[in-house]
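What follows draws every value from the coordinates through simple rules; no lab data is involved. Since the model is a prediction, treat every value here as computed from it, not as a measurement. Positions of Cβ are generated from backbone atoms using ideal geometry, with glycine treated the same way; all protein chains shown enter the neighbour counts.
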Amino acid sequence: MINLLDFNKTELVRFCGEMGEKPYRARQLLRWVHQSGKTEFMEMSDLAKGFRHKLMECAVVQLPEIVSDHTAGDGTRKWLLSTGAGNAVEMVFIPEPSRGTLCVSSQVGCALACSFCSTGRQGFNRNLSVAEIIGQLWWANRLLEAGSHDPFPLDTTRVQTDKPETRRPVTNVVMMGMGEPLANFENLVTALDLMLSDDAYGLSRRRVTVSTSGLVPALDRLRERCPVALAVSLHAPNDALRDQLVPINKKYPIRDLLAACERYLPAAPRDFITFEYVMLKGVNDSVALARELVQLVRNVPCKLNLIPFNAFSGSGYERSDAEAIGNFRDVLMQAGIVTTVRKTRGDDIAAACGQLAGQVRDKTRRTNRREAGQPSVAR
Ligand code: SAH
Ligand code: SF4
């Protein structure tokens, strides 16, 4: 059976063509599935009956199953979605007065093994399909619309200013859930197409952000194929330190990564790159390192987003204290770099950055190696 959730518009046009149908059928299907949230072909009333029957024979609209649903004290909501065979991923909705951001997963686990990341510690099982990626957005809109609470209780401006397509609960998507999105490139790009398509979710490119730990060749391909807003997980101002925190740095060192960022900028929907920098006590949070960071990024139009480390059991790291974070931020700000400190959301339900663990049947033997006391980082 073909899962129609795996197709972007181009692929649906081709599929309809193969069934002897006109291209506008693809548009109708997209709208039924993604905008009306229908999964039963019989309910798609403006499709010819014959076409609906043909669809029932060869296609389905199949979503990952919701396994659990938790709401944190601050309104952040986290769902666990089953992806079969004992695997599950998490997605998180962060409501704010003027927007609703969905943090979407791209893989079951992550093979890149950053030392401070809970997902990285889980090992890796597989890439998510397009249906499993876009299915997160599909579900979040449905579940939030169905919820008894208004996701935007404080908002009075949004309805007037946004185009109708963005009046749904999810106005922004960040690919910052489990996994490295650029390591699942083709499925990512197809899912991004759907997020941007006016016949599906109609989000603007600046409301969709891909966060990457720095897969340089894939970053160049993203620029060519689907340049959305970009966040780059930097975390250290020199290779010696970044090698320890973000092991992929050994393959794509900082200099190559920054060059790729500069190449990305002309195509990007915003005129700056966001660098993410997790604040780890006594590891990467000194004033001297802040000064080194200033020197490093001084020629790249960027913003810095400092993320206070979110603890998980056995991480071996601690969050920098507020004073250290403040001092670090001041050095950057004094050098003219716009710097924000990310507010920790949803940590009482383990929904904060880097705490997403899902259920990962590790195929990389990384978890075994660690249990046997061997280094966990693949070299
Ligand atoms: N794989 C991508 C996107 C997912 S992680 C990436 O690495 O960019 C989203 C962000 O959360 C990244 O900047 C990541 O480095 C950060 N992060 C990971 N673990 C964290 C933790 N324990 N505390 C705070 N931030 C963390
Ligand atoms: Fe993977 Fe990102 Fe976690 Fe690194 S920080 S292990 S790239 S999910």
Helix 185-196 vs. the chain, principal-axis angle (Cα, 0 to 90°, nearest 10)
70
Would you mind checking which residues have amide H under 5 Å from VAL341's amide H? H placed 1.01 Å from N; only 5 or more apart, or other chain.
LEU306
Specify the residue with the greatest mean-square fluctuation among VAL283, VAL246, VAL130, computed from a Gaussian network of the chain linking alpha-carbon atoms under 10 Å apart.
VAL283
Please work out the ratio of the alpha-carbon Rg of the chain to 2.2 N^0.38 Å and round it to two decimals.
1.01
Computed P(r) (all Cα pairs; the range 2-60; 5 Å bins; percent):
4, 20, 36, 32, 8
Whole-Hz ³J(HN,Hα) from phi, Karplus 6.51 cos²θ - 1.76 cosθ + 1.60, for the range 221-228, glycine and proline x
6, 4, 4, 6, 8, 6, x, 9
In vacuo Debye sum over C-alpha of the range 37-81, base-10 log of normalised intensity I(q)/I(0) at q = 0.25, 0.28, 0.33 Å⁻¹, listed in q order, is -0.86, -0.98, -1.14
Across the range 278-289, in residue order, what do the Karplus-derived ³J(HN,Hα) couplings come to in whole Hz, using 6.51 cos²θ - 1.76 cosθ + 1.60 with θ = phi - 60° and x for Gly and Pro?
6, 9, 10, 4, x, 10, 9, 10, 7, 5, 4, 5
Quick one: order TYR252, TYR277 by neighbouring beta-carbon count within 10 Å, fewest to most.
TYR252, TYR277
Under a straight-distance cross-link criterion of Cα-Cα below 24 Å, which lysines are reachable from LYS49, leaving out those fewer than 8 residues away in the same chain?
LYS9, LYS22, LYS38
Taking Cα atoms, how many degrees apart are the long axis of helix 9-18 and the longest axis of the chain, rounded to 10 and kept between 0 and 90?
30
Which residue, ALA288, ALA311, ALA350, tops the fluctuation ranking in a GNM of the chain built on C-alpha contacts under 10 Å?
ALA288
What's the angle, to the nearest 10 degrees (0 to 90), between helix 130-146's Cα axis and the longest principal axis of the chain?
80
Amide H proximity to THR83 below 5 Å, modelled H, separation 5+ or other chain, gives ALA88, VAL89
Just to compare against my own numbers: the Cα pair-distance distribution for the range 23-117, 5 Å bins, whole % per bin, please.
2, 10, 15, 15, 15, 15, 13, 9, 4, 2, 1
Taking amide H atoms as placed 1.01 Å from N in the peptide plane, list the residues 5 or more away in sequence, or in a different chain, whose amide H sits under 5 Å from that of SER105.
GLY177, MET178
Rounded to the nearest whole Å³, what is the per residue volume of the convex hull around the Cα atoms of the range 202-315?
113
